[in-house]
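Below you'll find the structure, written out as structure tokens, and then a few comments.
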Amino acid sequence: MKNAESLKQIYYGLDNVNINIIQYVAIVGSLLLFLFVLELVRRKKIKEQYSILWLFITLVFLILSFWRDGLYVVSRALGIATPAIAFLLVLTMGVYVILIQFSMVISNLAERNKKLTQELSLVKYQMKLKIKEEK
Amino acid sequence: MKLNKILIIVPAFNESKNILNVLSSLKNENSDWDIVVIDDGSTDGTGGLTEQSGLASVVSLIYNLGIGGAVQTGFKFAKMNGYDIAVQFDGDGQHLAGEIPKILQPVLDGTADVVIGSRFLGKNAGWKSTYFRRLGIRIFYIINSVLINQKITDNTSGFRAYNKKAISFLAENYPTDYPEPEAVILLGRNGFTIREIFTLMKKREGGKSSIYGIKSVYYMLKVLLAIFLTTVRPKIKGD
């Protein structure tokens, strides 16, 4: 009987957990993340245009950690059985959007890099030619 | 009549074994042609060797850009120096200098903007390849022919001639990675007339094809995706 009890605890969550703790952790955590990103922008380690998505996502975290019922509302609205899964969804969507933005930035950089390389190599050729002519 | 300025663009990556033979065969064919070798960041001294030989101008890319980026540098060079016609000619010895006049003719006549030297036109028994390579080439043939309504049998051929209009267009827009089949679509979609002429080609002398194994699967997927997306993109406005 005792075994069954402990199994139940493992599968259905622990009844005597103080869920206030995770709320504090979440609030402090997302606040720190938000401030961290802001600080990086202030120090010009991240450009403003690339920080917007990060700030937005950490802000969403912050809202969800204050607003306890938020995840229930989201999961109910989307037909998700557990709020934890709703959170996972919000998280992965956020990360996806940021990663896609990264791919865009990288592609743009790669294109410019190619152009620069080509132009620079051509200019170097012309310089060499000119030096040869002057000799 | 004004004489056409003709440039032979030779992209080369680590071709120190072949490059001088290739260049002298070009010079022997017609000494009026200007040649530019685009040394794509070679590490075997291809660029230096070519420069010393005095057979061609050498543009050395400061790092390896891949065939697309290298060939495009050639187009930029041609545009910058006011060439009327450019011929793309591989540095590995598989193209034959003696075949160049054949692909030049339609451009000189003004019957085509772009001419592709094809291994497959007509009943060509001179060129054999693996089953998968032929299958891939066949797929490109069908797709490209449908999409641009021009029959192109040899989409992967890098033996091509371009007129001034095409040079100027490609100097600004040229695909990277595996550019040949994509370039066909790009040109066709933007209203260029493409013609194919049967040309002989040699089997490669040294080295392996750059595309084999798992890379060939990636190659097919990448190129097919690029071809599809080039088709749905709007036409590029010229300058």
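The values are calculated or read from the model by the stated rules, or taken from the named source; none is laboratory data. These numbers come from a predicted model, not from an experiment. We place every Cβ from the backbone using ideal geometry, glycine too, and count neighbours over all the protein chains shown.
Tabulated results
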| quantity | calculated |
| --- | --- |
| All positions within the range B:15-45 that are away from chain A (no Cβ under 14 Å), within 21 Å of A:LYS128 (Cα to Cα) and either of a type in the set (Ser, Thr, Tyr) or free of Cβ contacts under 8 Å to residues at least 24 places away in the same chain (or both) | B:THR43 |
| Single condition B:LEU170 does not satisfy, out of (1) in contact with a Lys or Arg (Cβ under 8 Å, 6 or more places away or on another chain); (2) modelled with pLDDT of 95 or more | (1) |
| Residue identified as over 13 Å from the mean Cα position of the chain (by Cα), buried (at least 21 other Cβ atoms within 10 Å of the Cβ), over 23 Å from B:SER157 (Cα atoms) and not hydroxyl-bearing (Ser, Thr, Tyr) among B:GLY47, B:GLY82, B:GLY54 | B:GLY47 |
| Qualifying residue in the range B:123-131 (condition: within 13 Å of chain A (Cβ to nearest Cβ), part of a helix (DSSP H, G or I) and at pLDDT below 95) | no |
| Residue in the range B:158-172 that is under 28 Å from B:ASP40 (Cα atoms), polar (S, T, N, Q) and in a helix (DSSP H, G or I) present | yes |
| Scan of the range B:173-203 for residues that are part of a helix (DSSP H, G or I) and within 14 Å of chain A (Cβ to nearest Cβ), ordered by number | B:PRO179 |
| Residues (out of contact with any helix residue (DSSP H, G or I) (no Cβ under 8 Å at 6 or more places or on another chain) and farther than 19 Å from A:THR117 by Cβ) located in the range B:32-47 | B:ASP32, B:ASP34, B:ASP44, B:GLY45 |
| Residue tally, condition in contact with a Lys or Arg (Cβ under 7 Å, 6 or more places away or on another chain) and more than 7 Å from chain A (Cβ to nearest Cβ), over the range B:53-69 | 1 |
| Output for the range A:109-123, where each listed residue is closer than 19 Å to B:VAL37 by Cβ and among the hydrophobic types (A, V, I, L, M, F, W, C) | A:LEU120, A:LEU122, A:VAL123 |
| Checking B:SER118 against (1) in contact with a Lys or Arg (Cβ under 9 Å, 6 or more places away or on another chain); (2) of a type in the set (Ser, Thr, Tyr); (3) surrounded by 18 or more Cβ atoms within 10 Å (Cβ to Cβ), the condition it does not meet | (1) |
| A:VAL105 being touching a residue at least 12 places away in the same chain (Cβ under 8 Å) and under 30 Å from B:THR176 (Cβ atoms) | yes |
| Those helices (runs of 4 or more DSSP H) lying entirely in the range A:20-135 with at least 2 residues away from chain B (no Cβ under 14 Å) and under 30 Å from B:PHE75 (Cβ atoms) | A:83-134 |
| Residue count for the range B:46-65, restricted to those that are in a loop (DSSP other than H, G, I, E, B), within 16 Å of A:LYS128 (Cα to Cα) and not aliphatic (A, V, I, L, M) | 1 |
| Yes/no for B:ILE116 being part of a helix (DSSP H, G or I) and among the aliphatic types (A, V, I, L, M) | no |
| Leading residue by the ranking (farthest from the other protein chains (Cβ to nearest Cβ)) among those in the range B:85-107 that are surrounded by fewer than 23 Cβ atoms within 10 Å (Cβ to Cβ) and among the small types (Gly, Ala, Ser) | B:GLY98 |
